[in-house]
1. Scan the range 167-181 residue by residue and report those that are in contact (Cβ under 8 Å) with a residue 12 or more places away in the chain and not small (Gly, Ala, Ser).
2. Out of all the residues in the range 154-173, is one or more more than 24 Å from Ser32 (Cα to Cα) and either buried (at least 21 other Cβ atoms within 10 Å of the Cβ) or polar (S, T, N, Q) (or both)?
3. Filtering the range 80-124 down to residues that are hydrophobic (A, V, I, L, M, F, W, C) and more than 15 Å from Leu151 (Cα to Cα), which residue is surrounded by the fewest Cβ atoms within 10 Å (Cβ to Cβ)?
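Quick note: the coordinates plus some simple rules give every number you see, no bench work behind them. Keep in mind the model is a prediction, meaning the values are calculated, not measured. No Cβ is skipped: glycine too gets one built from the backbone with ideal geometry, and neighbour counts run over all protein chains shown.
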Amino acid sequence: MANPCVDEDSCDYLFKTVLIGDSAVGKTNLLSRFAKDEFYLDSKPTIGVEFAYRNTKVGDKIVKAQIWDTAGQERFRAITSSYYRGALGAMLVYDITRRGTFENLKKWLHELREFGDRDMVIVLVGNKSDLIDLREVDVEDGQKLAQLENLCFMETSAKDNMNVEDAFLQMITKIYEIASQKSLDAKKNESSPNLDGKKEIIVVDVDEVASSKHIGCCRS
């Protein structure tokens with residue numbers, strides 16, 4: 001759905017993305033590190049859904065990423081399933097020190113593919129790579145799953161700020177590439193404006209944005 005940008009002068013595109021995975025895998029700290037360059041050892045579990053913004057430059061375009069942080073607890077699943085609507089990318093996160101969070105990825109993937117767009121960009125992220133001595137999931141395990149499910153893959157550490165930027169930028173860039181190709185295809189069919197014309201904003205319904213809790217900040 002195309003809607004007016006939250007601040008039309010600040011970006012060319014607005015992409016909705018989501019963070020999903022079991023509780024306490026580090027989703028909130030990944031978002032905090034990317035959006036505000038902050039990390040909290042005593043981070044509290046997310047209740048329902050929260051989101052933050054971050055502006056990034058892709059080519060000669062400014063992309064505003066609207067990143068939704070979803071609760072991992074089962075009791076909130078009914079609340080968060082509707083928030084997949086309109087999402088163009090997802091970061092699927094597990095904790096490398098807890099094997100169970102890796103084994104639960106199939107459940108999360110099933111949910112993503114049931115509620116999400118078929119062209120959604122999915123990045124598999126093994127978080128807490130700084131805790132080497134506590135590792136229960138090998139790098140090779142993540143690589144094999146990513147290859148099997150056709151996902152991007154990266155290990156990160158929100159605490160040490162390792163690969164966090166790269167993981168988000170990889171997702172955002174791939175979304176942009178897909179959106180660009182769709183716009184070019186549409187131009188050929190003379191059915192919609194192209195990327196060189198008016199701004200094209202891909203965003204969740206404005207009413208949903210206004211009614212949700214905003215935890216982040218805009219940063220160019």
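1. Here is the first cut: in the range 167-181, the residues in contact (Cβ under 8 Å) with a residue 12 or more places away in the chain are 167-176, 178-180.
Residues satisfying the conditions are Phe168, Leu169, Gln170, Met171, Ile172, Thr173, Lys174, Ile175, Tyr176, Ile178.
2. No, because not a single residue in the range 154-173 is more than 24 Å from Ser32 (Cα to Cα) and either buried (at least 21 other Cβ atoms within 10 Å of the Cβ) or polar (S, T, N, Q) (or both).
3. Applying the filter and picking the extreme gives Phe115.
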